[in-house]
Amino acid sequence: MQPLPSSSLSTTPSAALEVLRHTFGYPAFRGQQAEVIEHVAAGGDALVLMPTGGGKSLCYQIPALLRRGVAVVVSPLIALMQDQVDALTQLGIRAALLNSTVAWSAVRETEQKLFSGQVDLLYVAPERLMTDRFLAILDGLAEGGRLALFAIDEAHCVSQWGHDFRPEYLQLSALHERHPNVPRIALTATADEATRQEMIARLGLAAARVFIASFDRPNIRYTVVEKDNPRRQLLNFLAARRGEAGIVYCLSRKKVEETAAWLNIKGYSALPYHAGMETAARTQNQRRFLREEGIIMVATIAFGMGIDKPDVRFVAHLDLPKSLEAYYQETGRAGRDGEAAEAWMTYGLQDVALQRSRIEDSTADETQKRLETQKLNALLGYAESARCRRVALLHYFGEASEPCGNCDACLDPPQCWDGTIAAQKALSAAYRTGQRFGAKHLIDVLRGKENTKTQEYGHQRLTTWGIGADMDEVDWRSVFRQLVSAGFLHVDMNAYGALKLTALSRPVLKGEQSVELRRAASHAKSARLRETRRATLLADLPPEAQRLFERLRQWRAETAKEQGVPAYVIFHDRTLKEIAERHPHTPATLVEVQGVGQAKMERYGEKILELAGEGKTFAVPSP
């Protein structure tokens, strides 16, 4: 029998809104939150696709508080569970966790609390969930009508060909088989159509209602730069961002270690993170990133999923991600607080070659290789796009939009040109040299640049020698990169990166197909884009309000250190900013601030009002 809400609780919209305001301190629901919560609280299954920072957690946390019993939250994020539980505890919610890091005595205590009704939300790792012992606990709770719901967080982990696959997620369909009347909600921030269908099939959600929120993150500025000197380019990007928290993604573990060490030499607080590190060191670095201000995490894709740090101001990619889906999720870790953030990426010919080689050399079947190739092509199309980055990104997820005015393509539109003749020259150079050389040598041939290699092979005698002398090396690099991205040339990694013609090149060489190319960005143009004024958190605050914000931030840091929790668990920057703007003088006005619920009001209100009273020389905007 399906568990029913207790007589003291209600699943009505008004009850959900009361929990949102009283417990979480938010005045109103956003987007589809209210609809999702009402559906799940009433006992329905749901698949929720909502961008990072869109409030996914509330979609199961509020139904958990409205329904009778405990909500079991399945999460792969063992290292972050404690922070999630700490954040709920700050709100007065009875939360607990069970995973491999929990001592046996604590496990027994939590199990006893489950059966005595002292837990509202229980976070469980999937490998713990599927043990015989825990399944028996679930059976016992269900018999007593005390299973409120199952929440499957990061549900895209069930996709076997996704970027975050977790084998244990394939077993989660057993939850519905054992407890068919307990509602389930599966949530993810990122899933293209193929991944959505895989989630539905593998989790048994065919009858679930699907909620798809807008994928747009309007506060993130997207920028892609042509790879020249990536370290110098990264340093230029970071120059105006000292003291800000950010993530720098690299493809290899070695590059992670080297980049983190180099950034420290350059005066930045940078930490490495990759799967090859010892668990203790990796966990320590993650903890420092979450709990200290202004840390840059240099990482492989092993880092980031579920990171709930709201004040990550930038995500930079020094290497090309595996897909647009992965790129969207990784960049989505910036600006969770809704404030201005940046997604910056360098991209070059070698990136294309490495990713194509990764697919070709994998053990996947041909069908999967075709799917992976299609995903890579979509990413390359985004990187080379001359139109708004946001339009291209949202189009991939099936969402139409207008140019955003907040990406490199909108702020400094690239020029396009008829590159047909240049493409024919480049393809001819590859063909005439026997399809045995990489872009650097071919550019030397096209520009008529003599060196030991061209002399050794007698390439000065070729008809293509010097026919591209009217273009510089930067322009030719751009041409070759775009020809590879468009599939006219193939990089053979087994032949030292030799460029070889594909079947698609034939119509171009025969003059039957034209080729439009982006013009390579000049250094001056790149500099202008870097100098575009960035929106900052405090830009619109008067000086006295900024000083109050800094006092609040200092108090928050000290309080978080005393309690051993991340600063954002106490209050988000956005809440501190609103307090500084409103300058509340009474508990009644303070509790109206977004993010100040009743529990936090009772715990911290007196101190905040004391800090706010230290300076009252500026005009206070009415609430």
(message) Within a 10 angstrom radius of the beta carbon, how do V256, V391 rank from fewest other beta carbons to most?
(response) V391, V256
(message) Rounded, prolate or oblate for segment 374-420? Axes are the square roots of the Cα gyration tensor eigenvalues, ordered a ≥ b ≥ c, and the cut-off for rounded is a/c under 1.5.
(response) oblate
(request) Restrict the search to segment 405-467; then list the chymotrypsin sites (Phe, Trp or Tyr not before Pro) that DSSP places in a loop and that have at most 14 other Cβ atoms within 10 Å of their Cβ. (result) none
(request) Step through the residues of segment 13-30 one at a time and calculate ³J(HN,Hα) from phi using the Karplus curve (6.51 cos²θ - 1.76 cosθ + 1.60, θ = phi - 60°), rounding each to whole Hz and writing x for Gly and Pro. (result) x, 5, 5, 4, 5, 5, 5, 4, 6, 6, 8, 9, x, 10, x, 7, 6, 10
(message) Given axes a ≥ b ≥ c from the Cα gyration tensor, I'd like to know whether segment 13-212 is rounded (a/c under 1.5), prolate (a/b larger than b/c) or oblate.
(response) rounded
(request) Calculate how many DSSP beta bridges within the chain are antiparallel, expressed in % of all such bridges and rounded to the nearest 5. (result) 10
(message) Considering only C-alpha atoms, what is the centroid distance from segment 210-224 to segment 454-488, in Å?
(response) 38
(request) List, in the order given, every pair from K322/K449; K266/K440; K255/K322 whose Cα-Cα distance in the structure shown is over 27 Å. (result) K322/K449; K266/K440
(message) Distance between the C-alpha centers of segment 271-325 and segment 568-616? Whole Å please.
(response) 30
(message) Please give the charge dipole size of the chain, origin at the Cα centre, charges +1 on K and R Cβ atoms and -1 on D and E Cβ atoms. Round to the nearest 20 debye.
(response) 1140
(request) Give the residue from I212, Q233, A281 lying farthest towards the positive end of the charge dipole for segment 189-301; charges sit on Cβ (+1 for Lys and Arg, -1 for Asp and Glu) and the dipole is referred to the Cα centre. (result) A281
(message) Quick check on segment 220-411: take the gyration tensor over C-alpha atoms, sort the square-rooted eigenvalues as a ≥ b ≥ c, and tell me if it's rounded (a/c under 1.5), prolate or oblate.
(response) oblate
(request) Could you work out the relative contact order of the chain, using alpha carbon pairs under 8 angstrom and six or more residues apart, expressed as a whole percent? (result) 14
(request) May I ask which residue of A426, A503, T464 lies farthest towards the positive end of the charge dipole of segment 416-520, with charges of +1 (Lys, Arg) and -1 (Asp, Glu) on Cβ and the Cα centre as origin? (result) A503
(message) With the cut-off at 22 Å, tell me which of the pairs K113/K600; K577/K607; K56/K561 have Cα atoms farther apart than that.
(response) K113/K600; K56/K561
(message) What does the net charge come to around R282 if you take all other residues with beta carbon closer than 12 Å to its beta carbon, with K and R at +1 and D and E at -1?
(response) +2
(request) Give the relative contact order (percent, whole number) for segment 444-489; include only Cα pairs under 8 Å separated by 6+ residues. (result) 37
(message) I want the local charge near F215. Using Cβ-Cβ distances under 11 Å, sum +1 for each Lys or Arg and -1 for each Asp or Glu among the other residues.
(response) -2
(message) For segment 211-258, which trypsin sites (Lys or Arg not before Pro) pass both filters: DSSP loop (anything but H, G, I, E, B) and at most 15 other C-beta atoms within 10 Å?
(response) R242
(message) Taking the number of other C-beta atoms within 10 Å as the exposure measure, put I93, I296 in order starting with the fewest.
(response) I93, I296
(request) With everything on Cα atoms, drop me the angle between helix 279-291 and the longest principal axis of the chain, reported from 0 to 90° to the nearest 10. (result) 80
(message) Could you derive backbone 3J(HN,Hα) for segment 319-327 from the dihedral phi with the Karplus parameters 6.51, -1.76 and 1.60 (θ = phi - 60°), listing whole Hz in sequence and x where the residue is Gly or Pro?
(response) 9, 5, x, 7, 7, 5, 4, 5, 4
(message) Tell me which of V474, M130, V48 sits at the most positive position along the dipole axis of the chain, charges placed on C-beta atoms (Lys, Arg +1; Asp, Glu -1).
(response) V474
(request) First select every other residue whose beta carbon is under 13 angstrom from the beta carbon of T131; then total the charges, Lys and Arg +1, Asp and Glu -1. (result) -3
(message) If packing is taken as the average number of other Cβ atoms within 10 Å across a peptide's residues, how do 146-154, 183-191, 96-104 rank, most packed first?
(response) 183-191, 146-154, 96-104
(message) At a 10 Å Cβ-Cβ cut-off, how would you order W555, W476, W262, fewest neighbours first?
(response) W262, W555, W476
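Here, each number is a calculation from the coordinates, and none is a lab measurement. Keep in mind the model is a prediction, meaning the values are calculated, not measured. Please note: Cβ atoms are built from the backbone with ideal geometry, for glycine as well, and neighbour counts cover all protein chains shown.
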